[in-house]
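Beneath this line is the structure, given in structure tokens, with notes to follow.
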Amino acid sequence: MKAMCDRFLPSKCSSSTADETRDKSPLNGWTVIVNTASSMASGAIRRFQDRVLGPSRTGIPSTTSEIWLLGVCYKISEGESSEDADAAGCVLDAFRQDFSSLILVTYRRGFEPIGDTTYTSDVGWGCMLRSGQMLFAQALLFQRLGRSWRKKESEPPEEEYLEILELFGDSEASAFSIHNLILAGESYGLAAGSWVGPYAVCRSWESLARKKREETEVKGRSCSMAVHIVSGSEDGERGGAPILCIEDVTKTCLEYSEGETEWTSVLLLVPLVLGLDKVNPRYIPSLIATFSFPQSLGILGGKPGASTYIVGVQEDKGFYLDPHDVQQVVTVNKETQDVDTSSYHCNTLRYVPLESLDPSLALGFYCRDKDDFDDFCIRATKLAGDSNGAPLFTVTQSHRGGERGIAETSAVASSTEISGEEHEDDWQLL
């Protein structure tokens with residue numbers, strides 16, 4: 001029994017088992033034994049998760065502070081009248097509906113083996129991969145159905161919605177399955193049974209998107225957007241924030257469309273290391289501010305060995321979707337309109353203090369078109385200029401000398417103004 005339970009205990013990631021329907025057949029005694037073992041392991045896993053992520057914090061931390069959820073602001077009235085209370089209730093209801101419409105991707109079990117391995121579940125090691133799937137799925141959801149889309153329980157699901165979920169199924173037939181992501185990321189250290197960090201996952205998504213682009217015609221692509229990684233300077237110098245080069249993004253979009261158009265929708269991924277053991281507090285205001293960007297796709301981050309997908313903020317708390325629940329594989333496609341997709345959504349609001357995050361994380365942004373990208377660059381430039389010498393990343397038109405962007409100029413100019421002393425950044429180039 002101990003060996004059986006050990007199989008459910010995480011090596012690096014944490015998990016919790018979702019409620020299951022048990023087989024009540026008297027002839028299936030082995031199923032009862034296995035379920036009992038799973039239940040025993042679940043308690044140990046939950047205790048392990050509490051040690052890593054901290055005790056579960058649920059609900060809304062404050063009933064008076066505004067909430068930002070992937071670029072949408074929910075302003076809660078501070079008045080004391082009954083009208084103000086009703087208005088605040090409506091705002092919170094709208095926020096909860098928005099949150100529960102986001103796509104949740106969690107540990108699964110019972111899928112076909114990954115590659116040549118015997119892994120039929122990612123319990124205990126796949127949380128960063130699942131977090132990445134959530135961010136990528138959200139980008140596709142925004143692109144195909146719009147930011148204002150909400151899941152309606154009383155209506156049949158849209159075909160586009162089911163098509164998106166199908167892309168993230170747990171088999172090689174699904175374009176963005178954990179199987180294909182691991183295969184595309186082998187050169188970055190991805191392997192079944194191994195935990196990886198945000199940088200490797202970002203690069204793996206870039207590789208997978210490129211692979212899918214090469215496999216199909218432009219109009220038939222499962223990935224209908226370019227993927228661009230914002231990383232450190234290529235000149236090998238140590239230190240400094242990553243640089244978003246506009247020329248590089250333009251080149252990425254042009255390559256994706258195979259020269260048919262100069263611009264296309266683009267997913268920007270920004271892997272960061274914002275400190276040593278924990279996030280340096282001077283970066284937290286900028287992290288919070290990114291959620292006010294209309295292009296925001298949140299943060300891949302969490303505690304060491306326990307990734308989550310952070311989708312919103314209130315004050316210094318981050319709301320997140322947790323990939324650590326263990327669920328059975330579900331087959332979703334546009335032909336099955338009556339399929340149960342509840343396992344792809346979450347109604348429980350969980351939050352974590354941003355100061356407790358692991359410093360290794362990644363930001364995501366989705367730019368629908370060139371105008372949207374230009375707006376993003378303006379916002380990012382202002383954010384870097386207001387960062388008091390601690391920008392998350394900077395923006396420049398070109399890598400060529402003498403063409404430094406406004407954000408980069410502002411960051412450099414203000415870097416020596418903190419307490420009137422020079423300081424060394426906590427940056428590590430990726």
Report the extension gain between LYS382 and ASP93 in nm, rounded to one decimal, defined as 0.36 nm multiplied by the number of residues separating them, less their alpha carbon distance.
-> 100.8 nm
Ranking SER154, SER177 from most to least accessible area with a 1.4 Å probe gives SER154, SER177
Amide H to amide H, which residues 5 or more places from GLY318 or on other chains are under 5 Å from it, using H placed in the peptide plane?
-> VAL352, LEU354
Amide H neighbours of SER360 at under 5 Å, excluding residues fewer than 5 places away on the same chain, with H built from the backbone geometry, are LEU274
Determine, from the Cβ-Cβ distance of ASP86 and SER65 and an R0 of 25 Å, the FRET efficiency 1/(1 + (r/R0)^6), rounded to the nearest 0.05.
-> 0.85
Test item: Cα-centred dipole of region 39-396, Lys/Arg +1 and Asp/Glu -1 on Cβ, debye = 960
Using the heavy atoms of the protein chains and a 1.4 angstrom probe, tell me the accessible area per residue for region 39-396 in square angstrom.
-> 40
Residue separation between SER154 and ASN347 times 0.36 nm, minus their alpha-carbon distance, gives in nm 67.9 nm
In terms of the ratio Rg/(2.2 N^0.38 Å) built on C-alpha atoms, what value belongs to region 110-201?
-> 1.19
Where ARG350, ARG108 fall by accessible area, highest first, once all protein chains stay in place (1.4 Å) | ARG350, ARG108
With the dipole of region 242-375 worked out from charges on the C-beta (+1 for Lys and Arg, -1 for Asp and Glu) around the Cα centre, which of TYR351, LEU321, CYS367 lies farthest toward the positive end?
-> TYR351
What list of ³J(HN,Hα) couplings, whole Hz, do you get for region 244-256 from phi and the Karplus terms 6.51, -1.76, 1.60, once you set θ to phi - 60° and write x for glycine and proline?
-> 8, 9, 4, 4, 5, 5, 4, 5, 4, 5, 5, 5, 4
Log10 I(q)/I(0) at q = 0.24 Å⁻¹ for region 281-347, from Debye over equal alpha-carbon scatterers, is -1.08
With θ set to phi - 60° and the Karplus curve 6.51 cos²θ - 1.76 cosθ + 1.60, what are the ³J(HN,Hα) couplings of region 67-74 in order, to the nearest whole Hz, using x for Gly and Pro?
-> 10, 10, 10, 6, x, 10, 9, 10
Give the value in nm², to one decimal: projected area of the alpha carbon convex hull of region 39-396, averaged over all directions.
-> 19.4
Share of accessible surface on carbon and sulfur in region 39-396, whole %, 1.4 Å probe and ligands ignored, is 47
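The values are calculated or read from the model by the stated rules, or taken from the named source; none is laboratory data. The structure presented is a predicted model; accordingly, all values stated were derived computationally and were not measured. A quick note on method: Cβ atoms are made from the backbone with ideal geometry, for glycine too, and the neighbour counts reach across all protein chains shown. Just so you know, the surface numbers come from the protein's heavy atoms only, side chains and all, with ligands and any DNA or RNA stripped out. Shrake-Rupley method; radii C 1.70, N 1.55, O 1.52, S 1.80 Å.
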